[in-house]
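The structure appears below as structure tokens.
The values are calculated or read from the model by the stated rules, or taken from the named source; none is laboratory data. Since this is a predicted model, take the numbers as computed values, not measurements. Quick reminder, even Gly has a Cβ in these numbers, built from the backbone with ideal geometry, and neighbours come from all protein chains shown. All accessible areas refer to the heavy atoms of the entire protein, side chains included, with ligands and DNA or RNA removed. Shrake-Rupley method; radii C 1.70, N 1.55, O 1.52, S 1.80 Å.
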Amino acid sequence: MKNKPKISTILYASDLGEQTRPVFRHALALAKLYDAKILMMHVVEPMGETAKSIISAYISKEFSDDMLKESMDGMLSKMKDRLRRFFEEECEEEKVCSNVKEIIAVTGKPSEEILRVSEEEKADMIVLGKSTRKVRGIRVMGSTARRVSRMATVPVLIVPNY
């Protein structure tokens, strides 16, 4: 194909919901087509202010800060392990899975972290699922997919994940 876009790095962002496999398979297909590497990513949202204030009502701020940091570090480690297991289950017999080069778990607002990592890692494309929620029985595009598609500086593939 003449003037084929250059895609060497694909950022695959997953919420690890029930329907993430079709989205991952699209990322794998694109990686095979373009001989691109895949960065798998999951974002853990931090504890909300209400929960933090409830905890701080029972224990000192210093202790609660230490406890929250420790629990978030543990959560990130667990999510990275879940991504790794998901990858291993999906890729048992797939040679293309060798394109997966890194597994990333971070904390923050999902759309902001996806965009940040995309820029830091110089991703040429972002692949993510449309939604994991229904409103009145209809699947709608999630807020993360909407924000990422509006703010990204690279192409975004939003895959229906149902």
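I'd like to know if region 49-67 contains one or more residues that are over 13 Å from the mean Cα position of the chain (by Cα) and modelled with pLDDT of 75 or more.
There is no residue in region 49-67 that is over 13 Å from the mean Cα position of the chain (by Cα) and modelled with pLDDT of 75 or more.
Entry remark, region 102-123: residues being in contact (Cβ under 8 Å) with a residue 60 or more places away in the chain and open to solvent by less than 40 Å² (accessible area, probe 1.4 Å) number 11 in total. If you go through region 35-45 and pick out every residue that is closer than 18 Å to residue 158 by Cβ and of a type outside the set (A, V, I, L, M), you end up with 1. Just a yes or no: is a residue in region 87-101 open to solvent by less than 20 Å² (accessible area, probe 1.4 Å), on the phi > 0 side of the Ramachandran plot and not in a helix (DSSP H, G or I)? No; the residues of region 87-101 include none that is open to solvent by less than 20 Å² (accessible area, probe 1.4 Å), on the phi > 0 side of the Ramachandran plot and not in a helix (DSSP H, G or I).
For region 1-45, what are the residues that are of a type in the set (D, E, K, R) and within 19 Å of residue 160 (Cα to Cα)? Matches in region 1-45: 15, 18, 21, 25. Within region 7-19, the set of residues being surrounded by 18 or more Cβ atoms within 10 Å (Cβ to Cβ), hydroxyl-bearing (Ser, Thr, Tyr) and farther than 11 Å from residue 87 by Cβ comprises 9 only.
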